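Just so it is clear, none of the values below were taken in a lab; they were calculated from the coordinates. Quick caveat, the model's predicted, so the values are computed rather than measured. Cβ atoms come from the backbone with ideal geometry, glycine included; neighbour counts cover every protein chain shown.
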Amino acid sequence: MPVQSPSTVISEVLLTEQQIQRRVRELGAAISADYVDLEPVLVGVLRGVVLFMADLMRAIPIPFSIDFLSITSYGAQAGPGQVRLLKDLETSIEGRHVLFVEDMVDTGLTLHTLLRMLRARDPASLHVCTLFDKPRLRLVKLPLRYVGFELPDRYVVGYGLDYRQRYRNLPFVGVLAAQVLLPNGVGAEGESS
Ligand code: 5GP
């Protein structure tokens, strides 16, 4: 059975499992305090957010519900941030307090598009919680209410983040070793979320 050995595919660990778990618990506590009595709906975009959402949920003791979107990029020809909805929410968010849960905000273009779409559905409130933020790559101004970690401008994998659909299962976040990357660069399956 082929096994991904972290020591051969990761050149540098940026965040350990313990650091991530501790921060997720802190985010859960902050969200619980802010949303007590509001019964928020946590909305995530498949697939990268799955690990974060699962741990965050367990760190929030107040009542809430969850829902997911799935999107795909239109590709390079379409405008930046243009996405096609593969799976819509299954619940109405009209009048609900929505917390958009993201794994990573980079340029922010995808999130900008999705927030505009959700805002049009008249939620009572709409805020963002992202575990990872690369603020130096931001192209649009976005209000991020909760941020787990700021990351440098490097392509990372683990804790839900992939490279060509691999490495999502690593419990830590790290930089891929050069020998793992394809010659045409990272993110070949780019907006995989
Ligand atoms: P943007 O904010 O640029 O519109 O898109 C953010 C999305 O790009 C994230 O949800 C994630 O799917 C992807 N992304 C950005 N940076 C990284 C990274 O370092 N690693 C991985 N695996 N995906 C990333």
Segment Arg25-Asp88, length gained on full extension (0.36 nm per residue, minus Cα span):
19.9 nm
Per DSSP, loop trypsin sites (Lys or Arg not before Pro) in the stretch 34-125 with at most 15 further Cβ within 10 Å
Arg121
In the stretch 16-102 the DSSP beta bridges are antiparallel at a rate, in percent to nearest 5, of 30
Please work out whether the stretch 16-72 counts as rounded, prolate or oblate from its C-alpha gyration tensor, where a ≥ b ≥ c are the square roots of the eigenvalues and a/c under 1.5 means rounded, while otherwise a/b larger than b/c means prolate and anything else oblate?
oblate
Measure nothing fancy, just the Cα-based angle from helix 17-34's long axis to the longest principal axis of the chain, in degrees from 0 to 90, nearest 10.
10
Using the charge dipole of the chain (Lys, Arg: +1 at Cβ; Asp, Glu: -1 at Cβ; taken about the Cα centre), state which of Pro61, Thr8, Ala29 has its Cα farthest towards the positive end.
Thr8
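For the stretch 58-154, just say rounded, prolate or oblate: build the C-alpha gyration tensor, square-root its eigenvalues into a ≥ b ≥ c, call rounded for a/c under 1.5, and beyond that prolate if a/b exceeds b/c, oblate if not. Working shown, then result.
Details: a/c = 1.88, a/b = 1.19, b/c = 1.58.
Since a/c reaches 1.5 but b/c is at least a/b, the shape of the stretch 58-154 is classed as oblate.
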Over the chain, the sum of -39500 (n - 2.57) across DSSP H runs of at least four, divided by residue number and rounded to 500 deg cm²/dmol, gives at 222 nm -6500 deg cm²/dmol
Where does the stretch 128-171 land on Rg(C-alpha)/(2.2 N^0.38 Å)?
1.26
Quarter of Cα convex hull surface for the chain, i.e. mean projection, nm²:
11.6
Of all DSSP beta bridges in the stretch 9-162, what percent run antiparallel (nearest 5)?
20
Please work out the FRET efficiency for the pair Asp37 and Val140, using the Cβ-Cβ distance as r and a Förster radius of 30 Å; give the result to the nearest 0.05.
0.40
The helix 109-119 Cα axis meets the longest alpha-carbon principal axis of the chain at an angle in degrees, between 0 and 90 and rounded to 10, of 20
Normalised by the number of residues in the chain, what is the relative contact order in percent for Cα pairs under 8 Å and 6+ residues apart?
25
What list of ³J(HN,Hα) couplings, whole Hz, do you get for the stretch 9-15 from phi and the Karplus terms 6.51, -1.76, 1.60, once you set θ to phi - 60° and write x for glycine and proline?
9, 10, 8, 7, 8, 8, 9
What list of ³J(HN,Hα) values in whole Hz, one per residue of the stretch 141-156 in order, does the Karplus curve 6.51 cos²θ - 1.76 cosθ + 1.60 (θ = phi - 60°) give from phi, with Gly and Pro shown as x?
6, 9, x, 10, 6, 10, 10, x, 9, 8, 10, x, 6, 9, 7, 10
